[in-house]
Amino acid sequence: MATCSADLAPLLGPNATAAADYICNKFSDTSFAVDNTYLLFSAYLVFSMQLGFAMLCAGSVRAKNTMNIMLTNVLDAAIGGLFYYLFGFAFAFGSPSNGFIGRHHFALRSVPSSSFDYSNFLYQWAFAIAAAGITSGSIAERTQFVSYLIYSSFLTGFVYPVVSHWFWATDGWASALRTDDFLFGSGVIDFAGSGVVHLVGGVAGLWGALIEGPRIGRFDHSGRSVALRGHSATLVVIGTFMLWFGWYGFNPGSFNKISSFYTSGNYYGQWSAVGRTAVTTTLAGCTAALTTLFGKRILTGHWNVTDVCNGLLGGFAAITAGCSVVEPWAAIICGFVAAWVLISCNKLAEKVKFDDPLEAAQLHGGCGAWGIIFTALFASEKYVREVYPSRPVRYGLFMGGGGRLLAAHIIQILVIVGWVSVTMGTLFYFLHKFGLLRISADDEMAGMDLTRHGGLAYVYHDEDESQKQGTQM
């Protein structure tokens, strides 16, 4: 604001300084309102992804478990809302704090402040419940309902917020927003969360699915894979498009504001970077979808819409880390490799008899890890300077930036896998030991909708007519 007043004052008449201060203050207020509105709109887009997750999950499971999986998606949002409000936001962004965990803003105390408004909480809550939604897909069709309640609370209230503090808070030990040289003089560029969101959710789902084991019938007595296909490709496609739409809040919205100039008086500013981020996101997803289409055609001889949808989402998960700091052509490389990462992870899962009904651990974990490495290879110096103006400039290895950023990103993958394994792996283990994790074989064969939720999701006949015919018989 001081710079604005100094530039404007010479152009005004009497009382120039006071007039310049007044005008610049009004523009500052307007800028804040525009940025806050942009962030709220982005939060609404990210929240719409919950509907995408619900439809994707519902279509990917068998009809007898549809009610169960949709209820878990609803409760991920509801439980996450309360626990992120009480604890999660404070653990993630409660500055000033140490590099490991936040210590302020429990239950939104002292919000709004100069650092955060309510829109920041809403946006970050939408991210937290996305991580929980990823995990619910991995353990679908054989998990007790109480386990969903416990793990969702723990993940959104503690495990995920700690990771987001490390890499996104201004005082996180590996954050790119730190102004001092800490992690290889670099910090981690995980702009919208290939690691913070996708790798966290994927590793959590990996441990849940490993500990409770595959669904009955997923592998035959000789160990061969048996496809247990989801009941509705229509719901899968609807869910995929909803997630695609929401990703335009997930990635571009992570700027948190849109009205910043990069060069004073020029047409070029943060709004252009927001648009570029949407473009890189789109190109990565489209490339991954087409690569999966032709790759699976070569491998299986089929054009499979479900595989293409998963490939598309894998491309999105991968580009999420570097979407703001890479060129559009690099996003095409990101999507191409992400598709093969997903295909390879799925092949490996079959060989080790790992069962994930939605391929969530492979998609979000495998492609999320690739996205972290990709960013360390292709981050552009120009864009890093613009998006992270306060950090020591480290950019991609293949762009001439050296290997320090890559080293930092390898550390990120290792610490996320370690942290989530220790916390969520331990939680799932104890749930299993106490008999709270997996449903009985009889319930699994009958389907959880019938045994746990009072009836099937689909009504195939009129109930009154059925009773009438039974009476006549």
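The values are calculated or read from the model by the stated rules, or taken from the named source; none is laboratory data. For clarity, every value in this text was computed on a predicted model and none was experimentally measured. Heads up, the Cβs are rebuilt from the backbone with ideal geometry, glycines too, and the neighbour counts pull from every protein chain shown. Accessible surface is based on the protein model in full, side chains and every heavy atom, while ligands, DNA and RNA are left aside. Shrake-Rupley method; radii C 1.70, N 1.55, O 1.52, S 1.80 Å.
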Open item on the list: Looking at the range 435-458, I want the residues that are at negative phi and assigned to a loop (DSSP other than H, G, I, E, B) and have a partner that is open to solvent by 80 Å² or more (accessible area, probe 1.4 Å) and aliphatic (A, V, I, L, M) with Cβ atoms under 9 Å, at least 6 apart or on another chain. Which pairs are those?
Closed with: L456/L450
Open item on the list: If I filter the range 283-300 for residues that are among the polar types (S, T, N, Q), more than 19 Å from the chain's Cα centre (by Cα) and not in a helix (DSSP H, G or I), do I get at least one hit?
Closed with: no
- [ ] For residues that are open to solvent by less than 60 Å² (accessible area, probe 1.4 Å) and part of a helix (DSSP H, G or I), tally how many sit in the range 86-111.
- [x] 8
- [ ] Kindly establish whether A338 is part of a helix (DSSP H, G or I), more than 22 Å from L293 (Cβ to Cβ), open to solvent by less than 10 Å² (accessible area, probe 1.4 Å) and in contact with a helix residue (DSSP H, G or I) (Cβ under 6 Å, 6 or more places away or on another chain).
- [x] no
Open item on the list: Going through T300, T292, T277 one at a time, which residue ends up being of a type in the set (V, I, T) and open to solvent by 30 Å² or more (accessible area, probe 1.4 Å)?
Closed with: T300
- [ ] Say whether the condition of being aromatic (F, W, Y), assigned to a helix (DSSP H, G or I), open to solvent by less than 50 Å² (accessible area, probe 1.4 Å) and in contact (Cβ under 8 Å) with a residue 60 or more places away in the chain is met by at least one residue in the range 69-85.
- [x] yes
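Conditions (1) farther than 20 Å from T143 by Cβ; (2) open to solvent by 60 Å² or more (accessible area, probe 1.4 Å); (3) part of a loop (DSSP other than H, G, I, E, B); (4) not basic (K, R), marked per residue:
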site: V203; (1), (2), (3), (4): no, no, no, yes
site: W207; (1), (2), (3), (4): no, yes, no, yes
site: I211; (1), (2), (3), (4): no, no, no, yes
site: A227; (1), (2), (3), (4): yes, yes, yes, yes
site: H231; (1), (2), (3), (4): no, yes, yes, yes
site: V236; (1), (2), (3), (4): yes, no, no, yes
site: W244; (1), (2), (3), (4): yes, no, no, yes
site: G249; (1), (2), (3), (4): yes, no, no, yes
Task: Answer from G213, G217, G230, G187 - the residue that is modelled with pLDDT of 90 or more and touching a helix residue (DSSP H, G or I) at 6+ places or on another chain (Cβ under 7 Å) - done: G230
Open item on the list: Kindly evaluate G223 against the criterion of being open to solvent by less than 40 Å² (accessible area, probe 1.4 Å), farther than 23 Å from A339 by Cα, of a type outside the set (A, V, I, L, M) and not in a loop (DSSP other than H, G, I, E, B).
Closed with: no
